[in-house]
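To keep things clear, I will list the structure first and then write my remarks on it.
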């Protein structure tokens with residue numbers, strides 16, 4: 001009861017006939033939950049996450065925060081602020097594995113800056129028997145709390161001095177420990193204080209991301225192109241207009257659609273998503289508009305379609321360019337008249353939906369070619385948002401990579417926490433034909449293959465490892481006369497030439513057997529087919545057009 005009484009003032013409840021929605025007015029409510037669970041429940045942050053899931057609050061942050069269910073650290077670094085070095089050594093020995101303790105007797109915070117940055121938790125000695133006076137210790141507590149960022153503080157007090165314990169809590173201490181300390185309890189308190197502090201840091205970070213504009217619902221981006229896109233999406237979300245999202249595969253079109261839905265007046269209603277790609281026209285019609293019982297063979301029951309399910313909400317149609325010409329007039333009628341009929345029925349059904357569609361094709365060209373209705377195109381394209389490919393916003397690669405690293409490490413219970421400089425260089429220089437989805441898969445693969453805390457280029461696919469090799473500096477012997485330089489090529493042309501030569505050489509070595517060649521290159525067979533098409537590789541080619549095979553800094557490729 002105390003927990004919910006504490007949080008009560010921090011959220012607002014919006015109620016409708018369908019479902020209650022709890023929306024937190026600020027990140028502080030989540031911090032209150034984390035603090036309360038850390039203090040009152042030994043499960044710490046896990047209890048906080050259980051309550052957070054039950055409340056279902058702040059949809060823009062929930063997916064990210066709920067991945068942080070376990071905030072753990074193998075080795076906790078503790079600073080014991082006391083003149084009693086003997087007690088510090090005894091506590092260090094008793095704590096055992098998983099803890100590293102340093103003792104420091106300074107009472108001036110300016111002399112403790114290095115120690116504060118090193119520490120995960122502080123233990124402040126305020127026993128009467130200690131050399132430092134009580135007021136000096138309290139003043140040091142105030143000075144530490146005045147720092148912009150500091151570790152959580154536990155206070156060691158005499159068991160009978162309860163007023164001092166209460167004063168330290170009022171001044172910002174996380175908890176107090178009676179003297180002499182119980183080592184088992186001390187271990188638990190250190191772990192709990194660290195978990196609580198880590199949870200608060202993550203929540204502040206998420207709030208800062210939201211405020212700074214680097215996050216829009218599930219989308220991340222700090223590049224100017226993404227900031228402009230976020231601003232446009234936030235501006236049109238409250239306006240009930242149809243939106244067309246364009247962009248290459250893997251750029252996050254559905255995430256943008258969800259952001260627009262949740263930012264609008266229909267955010268409490270349903271969001272129904274459907275992909276029109278690679279399905280027969282009759283099946284697409286049934287999926288979109290539903291059918292009545294007996295409408296066709298096997299229709300034993302009436303079925304509601306996606307359009308009807310999205311009533312009073314948003315319908316997201318992915319790959320709208322693949323919608324057949326026979327179905328386009330029916331969709332146009334839904335947009336114009338807000339009505340449709342199920343298959344096998346003459347009864348008109350009224351719907352109120354907002355349509356967000358997405359495509360990786362050029363609909364204007366399709367209109368000119370007669371493959372897409374012009375009137376439907378203008379109905380869909382009230383506002384067009386273009387998601388840039390990842391190669392056009394390379395500033396976001398590091399941000400996205402670290403986000404995927406953190407998420408994958410939690411998902412697979414791995415120790416990986418950082419990228420080596422060589423690996424980050426490879427990620428930032430790669431062309432990313434599969435965009436953000438490919439980056440996520442590459443980071444996920446590296447995390448799965450990793451054993452330590454740092455990801456190395458050895459865990460990258462062959463296509464990315466080659467970039468690291470290309471960029472290695474080459475030391476030419478002093479006695480060798482420099483050869484005439486070849487004509488300068490752009491970075492993209494050099495990478496394209498290298499990839500073309502590598503694939504062509506591998507195909508020739510394996511007798512143009514694409515499955516074996518894909519295995520040798522460490523890529524999927526479908527991806528190899530796309531590369532062959534993009535790089536215009538033909539089986540009749542018999543020589544690899546490399547200009548300087550003997551002096552190449554790469555050496556033999558295969």
Pairwise label distance in nanometres, residue 525 with residue 538, each label 7 Å out on the Cα-Cβ vector: 2.5
Using a Förster distance of 35 Å, the FRET efficiency for residue 134-residue 97 (Cβ separation, nearest 0.05): 0.55
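Quote the FRET efficiency, to the nearest 0.05, computed for residue 337 versus residue 437 with a Förster distance R0 of 45 Å and r equal to the Cβ-Cβ distance.
Once the sixth-power term is evaluated, E becomes 0.75.
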Peptides 217-224, 295-302, 177-184 ordered by average Cβ neighbours within 10 Å, highest first: 217-224, 177-184, 295-302
Alpha-carbon centroids, the stretch 400-474 and the stretch 492-522: separation in whole Å: 22
Part-to-part distance (alpha-carbon centres) for the stretch 148-192 and the stretch 102-119, which is given in Å: 18
Antiparallel DSSP beta bridges within the stretch 76-181, as percent of all bridges there, nearest 5: 0
Taking the stretch 215-388 and dividing mean pair separation by its residue count, relative contact order in percent (alpha carbons under 8 Å, at least six apart): 32
All-pairs alpha carbon distance profile, the stretch 215-388, 5 Å steps from 0, percent: 1, 8, 17, 21, 20, 15, 9, 5, 2, 1, 0
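We did not get these values from a lab; they are worked out from the coordinates using the rules stated. Since the model is a prediction, treat every value here as computed from it, not as a measurement. Here Cβ is always computed from backbone atoms with ideal geometry, including for glycine, and neighbour counts include all displayed protein chains.
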